[in-house]
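This report refers to the structure that appears directly beneath it.
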Amino acid sequence: MWWTPGLGLVRTPPGWVFLPRGEHFVTRKLKEWGRYWVVLRRRPRYTETLGLLAPEEAVVEALRLAEETAEVRGRRRAASARARERAEERYRRQLEQAILTYLDFAPEHSALAEEIARGAAARAAEVGSGRVGRTRKLSLEGRAALAARAYIRHRYTRYEEILAQPFAEEFYRGIKAAAQDEVDEFLERHRLTGGAPEPGGPGEAEA
């Protein structure tokens, strides 16, 4: 017995077969042709899709088409993947440049600005991360500002160190607000000509 939406419990009709989920091309073809039932399993918190019931001749034909077009579809997937990679690389470069513009560091801090821009862009734009670089709700400039500030907060303030303390969860809002103030100070220092030395530079060693 199978459970399908709108029909409830059903038996496999004569001449029909079950196709487990995962055969994406075959599933798409069967849905295009129109004769199928979606098979589900009801869980306590969600409903799981198991696959389809469809006429056997339709499943056989869809499988034949899948095999016949496998090579062409493979080439198309590879080409699409390469195109996505190129698009992602272009976007990372655009975000990196926007971060450099936002930082607006003095010339003597240009190397630090480039390091922050590269690191912040790579982190914020990571595919599937859900980070600010993946949102389209903000302008590129808005994403750049948030990405730069987050990177500086994690790398150049005491934020991570304080978060490791036992009291951190209770005072998180205050800790983050203090870290944001540190980010503002960091930006101001490095935007000024003759400001703070770059981390690891001679001035820092003397301090």
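The values are calculated or read from the model by the stated rules, or taken from the named source; none is laboratory data. Note that the structure is predicted; figures quoted are calculated from it, not measured. Positions of Cβ are backbone-derived with ideal geometry, glycine not excepted, and every protein chain shown enters the neighbour counts.
List, please: which pairs have Cβ atoms under 7 Å, are six or more places apart or on different chains, and start with a residue in region 115-138 that is over 17 Å from residue 153 (Cβ atoms) and end with one that is of a type in the set (Phe, Trp, Tyr)?
Correct list of pairs: 125/91.
Show the residue pairs that are 6+ apart or on different chains and have beta-carbon atoms under 8 Å apart, the first residue being within region 32-47 and in the same structural domain as residue 17 (by TED's automatic domain parsing), the second being part of a loop (DSSP other than H, G, I, E, B) and surrounded by 10 or more Cβ atoms within 10 Å (Cβ to Cβ).
37/7; 38/5; 40/5
Kindly provide the set of residues from region 126-140 that are modelled with pLDDT of 90 or more and either surrounded by 14 or more Cβ atoms within 10 Å (Cβ to Cβ) or under 17 Å from residue 183 (Cβ atoms) (or both), ordered by number.
140, the sole residue that qualifies.
If we scan region 74-94, do we find a residue that is within 33 Å of the chain's Cα centre (by Cα), free of Cβ contacts under 8 Å to residues at least 40 places away in the same chain, closer than 30 Å to residue 190 by Cα and exposed (fewer than 11 other Cβ atoms within 10 Å of the Cβ)?
yes
Take the conditions in a helix (DSSP H, G or I) and over 19 Å from residue 193 (Cα atoms) and apply them to residue 170. Does it pass?
no
Test each condition in (1) part of a helix (DSSP H, G or I); (2) over 15 Å from the mean Cα position of the chain (by Cα) for residue 138 and report the one that comes out false.
The number of the failed condition is (1).
With respect to residue 39, determine if the residue is within 30 Å of residue 74 (Cβ to Cβ), in contact with a helix residue (DSSP H, G or I) (Cβ under 9 Å, 6 or more places away or on another chain) and either modelled with pLDDT of 90 or more or assigned to a helix (DSSP H, G or I) (or both).
Considered against the rule, which asks whether it is within 30 Å of residue 74 (Cβ to Cβ), in contact with a helix residue (DSSP H, G or I) (Cβ under 9 Å, 6 or more places away or on another chain) and either modelled with pLDDT of 90 or more or assigned to a helix (DSSP H, G or I) (or both), residue 39 comes out as no.
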